[in-house]
1. Mind checking which residues of the stretch B:107-131 are without any contact (Cβ under 8 Å) to a residue 24 or more places away in the chain and within 10 Å of another protein chain (Cβ to nearest Cβ)?
2. Only residues that are buried (at least 23 other Cβ atoms within 10 Å of the Cβ) and within 15 Å of residue A:202 (Cβ to Cβ): list them for the stretch A:162-174, please.
3. Looking at the stretch A:72-91, which of the residues that are over 17 Å from the mean Cα position of the chain (by Cα) and part of a helix (DSSP H, G or I) is farthest from the other protein chains (Cβ to nearest Cβ)?
4. Give me a count of the residues in the stretch A:49-71 that are within 10 Å of another protein chain (Cβ to nearest Cβ), in contact with a strand residue (DSSP E or B) (Cβ under 6 Å, 6 or more places away or on another chain) and more than 26 Å from residue A:194 (Cβ to Cβ).
5. Taking the options B:34, B:44, name whichever one is surrounded by fewer than 17 Cβ atoms within 10 Å (Cβ to Cβ), away from chain A (no Cβ under 11 Å), assigned to a helix (DSSP H, G or I) and at pLDDT below 95.
6. Do we find a residue being in a helix (DSSP H, G or I) and under 30 Å from residue B:62 (Cα atoms) anywhere in the stretch A:114-137?
C-alpha cells in the first residue's frame, strides 16, 4: 500500500490519526498542496479529483475518501476497533462522521476558502478553479458555529461523539474543531463540553499525527 | 423499526430503492416537507436535523444519514449484497457514494435551492433558515455538469458505478441523475454512457420506489 498525504492539511490528518491509533505504518508520499502539486499532470494520473488523502492498495485500486480509506484499513487491521463492532455501532459511527463532514467540516471549508487570499480562485478543492463567494464564507461561518453548538450538546451527554468509546467519529470531529481555529472560531473558549473532550483527545499520541 | 420518508424527496428515495432491492418492508411515516412538517416541534423531537430519511431502530436509536441507514439495513438483511462483500469492495462502494454525494448531489441541491422560488429562505436543509445565494446556484450547476462528465467517463469503462455489479453507489448516482432533471440539466441527452446505464436501472422494479 501507499499513502498520499499532505502533512499540513486537515483531510489527510483524519487518516493519519486513524493509522496512529492502530499503529499502522504505510509508505507515505507528501503532496505539496501549497505549491499546487495536486493539480500537476503527474498527480492527476493518481487522483483525478486532485485531493489528498489517497490510499493506493496493492492491486493499484485507489481510494480517495477518508471514510472509505478508514473502512478499508479497519478491515485489514481490525484492532483496536475504531468503526464499530456490529451493524448498529458502525451505522452510528458513520452517521456522526457524515454529520461532522457535511455540517461542520464543509461549512468550515466554505468559511475559509471563500475569503482567504491564498484560496483566491480556489474556493473549492478539485481540478477546476472556482472563484470566491464572500456570502458563502459568512454562511459557512454561521453554520460552523451552529454545528459546534450541536457537538457541544452531544458531548454534554456522551463521553465521545458516536459511542461510549473513542471512534473514527471522534477523529473527524477533532480535526473539524482544530480546523475551526483556521477561521478563528474560539471553539474551546465558547463550548465547555467540547473543551473537556478536546483536552482528553489531545493527550492521545494520535493527536500529533 | 420505523422509517420516516417523504415520497417526493430524493434523499429518502435512496433508502426506498435500497429497501425495494432487498424486499424489506418497514412501517413508514410520510413527512410533509412541502408544508414544512420537518420544522415542526414534533418532528424536531424525532430528528433535530429536520431532514428525512430517518430510520428508527427497535431500541429507539435514530439514524439520519442515508449511507448509515443502508449500512445498518445491510447488516440486518445481507442479501442481495448491495454494499460490497469484503473490505475492498465496501470501501469502493463507499468511496463512489461519497463522491456522488459531494460532487453531484450537493452541487444539484445548490443549483436548485439557491434560485427556486419554493426554497426562498430555505437554501439549505436543516433547522435554520438561510437565504439564497444566486452565485452559488450557478456554481452548483457548473459542478453538477462537471460531475456528470466524470460519471459518464466511469460508466464508459464499467457496467456499474463502483463494482461490476449493481450496488448502493448505483442507487446514489441514479437518484442524483434524476435530481439533475429538477434543474433541467439534460443528462440523458448529453451523456450516452449514463443513458445506457440509466435505462438499465430504470427497468429494475426498485426504480419506482
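The values are calculated or read from the model by the stated rules, or taken from the named source; none is laboratory data. What you are looking at is a predicted structure, and each value in this text was computed from that prediction instead of being measured. Note that each Cβ is placed from the backbone with ideal geometry, even for glycine, and that neighbours are counted across all protein chains shown.
1. B:123, B:124, B:128, B:130, B:131
2. A:170, A:171, A:173, A:174
3. If we take residues in the stretch A:72-91 being over 17 Å from the mean Cα position of the chain (by Cα) and part of a helix (DSSP H, G or I), then A:89 is farthest from the other protein chains (Cβ to nearest Cβ).
4. Residues meeting the conditions: 4.
5. B:34
6. Checking the stretch A:114-137: not a single residue is in a helix (DSSP H, G or I) and under 30 Å from residue B:62 (Cα atoms).
So that you can scan it fast, the table gives a plain yes or no per residue for (1) modelled with pLDDT under 95; (2) farther than 29 Å from residue B:170 by Cβ:
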{"position": "B:100", "(1), (2)": "no, no"}
{"position": "B:103", "(1), (2)": "no, no"}
{"position": "B:108", "(1), (2)": "no, no"}
{"position": "B:113", "(1), (2)": "no, no"}
{"position": "B:116", "(1), (2)": "yes, no"}
{"position": "B:128", "(1), (2)": "yes, yes"}
{"position": "B:135", "(1), (2)": "no, yes"}
{"position": "B:140", "(1), (2)": "no, no"}
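So that you can scan it fast, the table gives a plain yes or no per residue for (1) outside any helix (DSSP H, G or I); (2) surrounded by fewer than 20 Cβ atoms within 10 Å (Cβ to Cβ); (3) within 19 Å of the chain's Cα centre (by Cα); (4) assigned by TED's automatic domain parsing to the domain that holds residue B:117:
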residue: B:18; (1), (2), (3), (4): no, no, yes, no
residue: B:29; (1), (2), (3), (4): yes, yes, yes, no
residue: B:38; (1), (2), (3), (4): no, no, yes, no
residue: B:60; (1), (2), (3), (4): yes, yes, no, no
residue: B:94; (1), (2), (3), (4): no, no, yes, yes
residue: B:103; (1), (2), (3), (4): no, no, yes, yes
